[in-house]
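Participant: My questions will all concern the structure given below.
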Amino acid sequence: ERTGAVLKYVPACSATGGFDLDAFAELITPNTKFVSVQHVSNVLGSINPVDEIVEIVRSKAAPGAKIMLDACQSVPHMGVDVQKLNVDFIAASGHKMCGPTGIGFLWGKESVLNSLPPYKGGGEMIDEVYMDHSTYAPAPARFEAGTPAIAQAIGLGAAIDYLNKIGMERIHDYEVELADYLRRRLEEVKGVTVLGPPVGTERAALCAFVTDAVHPSDLGTFLDVEGVAIRAGHHCCQPLHRALGYSHSARASLYFYNTKEDVDDFISVLEDTLKFFGSLGSDAIDEADSDDNFVPLF
């Protein structure tokens, strides 16, 4: 609203259930100044083709166009080489990578960061102060005014060391196997529609799904009683859900500490819960499925 920028959105590909690269290429013009994209979709589980996205932007967008990569769903699960990706900014969150809540990080190219003005004033972010102006410290200090989240930063550093000790390639390879197993097991459950790429396509270790038998909120509550934790809601992706024709979905997410036995337990409880709601009759299901009655748990 301040700058008058025109926002464009990339649709999900109906054939692959992932990023529509052809549609994206059509949207990029010499007027494009900024591109923001997820590395991994937290709803679809699709892994976006960052190399090809960057190539399109660098060849078709305005000179100096910047690329922001949301890597919250990729950094904890695979190796991410900022030099190889050649984007301008990368953001990730601490709690998704075994770290504390309330902290994350923004990585940026040094030259780009130092060209940006600080967004907040305070201690440690200035260089020289005069009566009529100030100069600012080099990045990252210019963006870290005041007392930092010291404990959280130490905790995040410990989490990163822990993941690196296990090995990001090892984590990724294991999760690829888990993700495929989860996707195939969900395909076996009658009445469940899984969002995102089809069986056999590499995806992140998560599956969002919908079912006509029960609203995601009720499903999440019943599974929780049985000791199975899923997320129910729109997962901070309301426009995507609308585009897919759903208001909400349920999502099962896995990490390196999960096993195929965990997936089997989830599927067993899911099937039992769906059978229970199916036995209630259509009137009860319609009432439970009303969005007016929906209270997001997370």
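Participant: Out of (1) more than 29 Å from Val263 (Cα to Cα); (2) in a helix (DSSP H, G or I); (3) among the β-branched types (Val, Ile, Thr), the odd one out for Val176 is which?
Facilitator: (1) is the only condition that Val176 fails.
Participant: Anything in region 197-210 that is open to solvent by 20 Å² or more (accessible area, probe 1.4 Å) and in contact (Cβ under 8 Å) with a residue 60 or more places away in the chain? List them, or say none.
Facilitator: Selection gives Pro198, Thr201, Glu202.
Participant: Surrounded by 21 or more Cβ atoms within 10 Å (Cβ to Cβ) and either of a type in the set (A, V, I, L, M) or free of Cβ contacts under 8 Å to residues at least 24 places away in the same chain (or both): which single residue out of Ile47, Ile28 fits that description? It would help to see each step written out before you state the result.
Facilitator: Values: Ile28 fails: surrounded by 21 or more Cβ atoms within 10 Å (Cβ to Cβ).
It is Ile47.
Participant: Residue check, Val75 against (1) under 16 Å from the mean Cα position of the chain (by Cα); (2) at pLDDT 95 or above; (3) among the aliphatic types (A, V, I, L, M); (4) more than 22 Å from Glu169 (Cβ to Cβ), all met but one. Which one?
Facilitator: Among (1) under 16 Å from the mean Cα position of the chain (by Cα); (2) at pLDDT 95 or above; (3) among the aliphatic types (A, V, I, L, M); (4) more than 22 Å from Glu169 (Cβ to Cβ), the lone unmet condition for Val75 is (4).
Participant: Filter region 120-161 for residues that are part of a helix (DSSP H, G or I) and open to solvent by 80 Å² or more (accessible area, probe 1.4 Å); which is farthest from Cys98 (Cα to Cα)?
Facilitator: From region 120-161, those part of a helix (DSSP H, G or I) are 141-143, 150-161; that's our starting set.
Applying the additional criterion that residues be open to solvent by 80 Å² or more (accessible area, probe 1.4 Å) yields 150, 154, 161.
Working: Ile150: 17, Ile154: 12, Asp161: 10 Å.
Going through the qualifying residues, I end up with Ile150.
Participant: For His77, indicate whether it is free of Cβ contacts under 8 Å to residues at least 12 places away in the same chain, surrounded by 14 or more Cβ atoms within 10 Å (Cβ to Cβ) and touching a strand residue (DSSP E or B) at 6+ places or on another chain (Cβ under 9 Å). Don't jump to the end; show me each part of the working.
Facilitator: Values: free of Cβ contacts under 8 Å to residues at least 12 places away in the same chain: no; surrounded by 14 or more Cβ atoms within 10 Å (Cβ to Cβ): yes; touching a strand residue (DSSP E or B) at 6+ places or on another chain (Cβ under 9 Å): yes.
When the stated conditions are applied, His77 does not pass them.
Participant: Which of the strands (runs of 3 or more DSSP E) contained wholly in region 1-99 include at least 2 residues that are under 20 Å from Arg242 (Cβ atoms)? Break it down stepwise before answering.
Facilitator: Working: elements: 34-38, 66-70, 89-93.
Those strands (runs of 3 or more DSSP E) span 34-38.
The values are calculated or read from the model by the stated rules, or taken from the named source; none is laboratory data. Everything numeric in this text was worked out from a predicted model, so none of it was measured. Every residue, glycine among them, receives a Cβ derived from its backbone with ideal geometry; neighbour counts consider all protein chains shown. Each accessible area value is taken on the protein alone, full model and side chains, heavy atoms only, with ligands, DNA and RNA left out. Shrake-Rupley method; radii C 1.70, N 1.55, O 1.52, S 1.80 Å.
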